[in-house]
Amino acid sequence: MKFDIVTIFPHILDSYVNESILKRARGKGLVDVKFWDLREHANDKHQTVDDTPYGGGPGMILKVEPIFQCLQEVLGKNVVARRVDRHETWNMKHGTKSKKTEVIMLSPKGRQFDQKKAEELAKLNQLILICGRYEGVDARVEKLVDEQLSIGPYVLSGGELPAIVVVEAVTRLLPGVLGSADSLCVESFGADVDAGRGVKDSQSGVNSRQKHFIEYPQYTRPEIFAPAPAVKWRVPKVLLSGNHKKIREWHQKHIKSKYRFPPIFSL
């Protein structure tokens, strides 16, 4: 899968994409993450990408022209022209199943990103993420995107951190990225804990049963941890019993509904 991130800080996330899961996924050729410098698509020698808002108001607004021209390079002029006309055959808003590319702008007013959305995006071939900065983005950019996403009800200085959240959440769902496919079936916001008996999507590998949840508590050695004198924190006995039926029952009992604990991010 290809991720194209449009930003005025193309190196701000270099260290993150070169570590851990994303590094391994890129090394295997499972994902390609490319940053596009918005300033390279400005029309003047000063590489100006922002200006004051019409009608007054604080801050600076990202201009529509550099974003438009950057998308022309990423997608091709013909594709962007069709997008402008809103007659492209692969536009998801028209309900066409053949769509394999989506353009998303990270915005506080967008739909809140969640695991279900990550599973939808994992079926794409290409995801283009536009990162805002300053006071906002010229509203005409909305005519070029399929959707706007937010990672939570708070304000950040730009869309780069939300973009990498989306990239990692989607990447984890791609076949071959994680060491064990079972990890997708028994983790927070994934399918139900007995999802192994369900049917998995042929593209994303994600179980089709959309019962998202907060994962049950997990423990490892030591069996007893003493953080202070006369204080002992023990692993629940049932997890040490070797009785798989009772362990599964304990897992089911300790699963929490996603509606009770709204997520911001998941580990």
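Numbers below:
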item	result
Of all residues making up the stretch 65-116, the number that are in a helix (DSSP H, G or I), among the aliphatic types (A, V, I, L, M) and at pLDDT 70 or above	8
Residues of the stretch 59-88 that turn out to be under 15 Å from Glu102 (Cβ atoms) and of a type outside the set (Asp, Glu), as a count	8
Pick from the stretch 252-267, criterion touching a helix residue (DSSP H, G or I) at 6+ places or on another chain (Cβ under 9 Å) and surrounded by 13 or more Cβ atoms within 10 Å (Cβ to Cβ), ranking: modelled with the lowest pLDDT	Ser266
Test: residue in the stretch 117-140 that is in a loop (DSSP other than H, G, I, E, B), under 21 Å from Glu215 (Cα atoms), assigned by TED's automatic domain parsing to the domain that holds Ile61 and modelled with pLDDT of 90 or more	no
Those residues of the stretch 15-50 which are farther than 25 Å from Ile61 by Cα, acidic (Asp, Glu) and more than 16 Å from the chain's Cα centre (by Cα), in sequence order	Glu19
Single condition Val199 does not satisfy, out of (1) surrounded by fewer than 12 Cβ atoms within 10 Å (Cβ to Cβ); (2) modelled with pLDDT under 90; (3) outside the structural domain of His251 (by TED's automatic domain parsing)	(3)
Those residues of the stretch 111-168 which are aliphatic (A, V, I, L, M) and surrounded by fewer than 17 Cβ atoms within 10 Å (Cβ to Cβ), in sequence order	Ala139, Val155, Leu156, Leu161
Residue list for the stretch 119-145, restricted to those being over 23 Å from Leu174 (Cα atoms) and of a type in the set (D, E, K, R)	Arg133, Glu135, Asp138, Arg140, Glu142, Lys143
Within the stretch 34-81, considering residues that are under 30 Å from Asn18 (Cβ atoms) and among the acidic types (Asp, Glu), the one surrounded by the most Cβ atoms within 10 Å (Cβ to Cβ)	Asp50
Per-region count, the stretch 1-53, residues closer than 24 Å to Arg133 by Cβ, of a type outside the set (A, V, I, L, M, F, W, C) and assigned to a helix (DSSP H, G or I)	6
Close pairs from the stretch 1-28: first in contact (Cβ under 8 Å) with a residue 40 or more places away in the chain, partner of a type in the set (Lys, Arg) and part of a strand (DSSP E or B), Cβ under 6 Å, at least 6 apart	Asp4/Lys34; Ile8/Arg133
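The values are calculated or read from the model by the stated rules, or taken from the named source; none is laboratory data. Keep in mind that what you see is a predicted model, and the values were worked out from it rather than measured. Every residue, glycine as well, gets a Cβ built from its backbone with ideal geometry; the counts of neighbours run over all protein chains shown.
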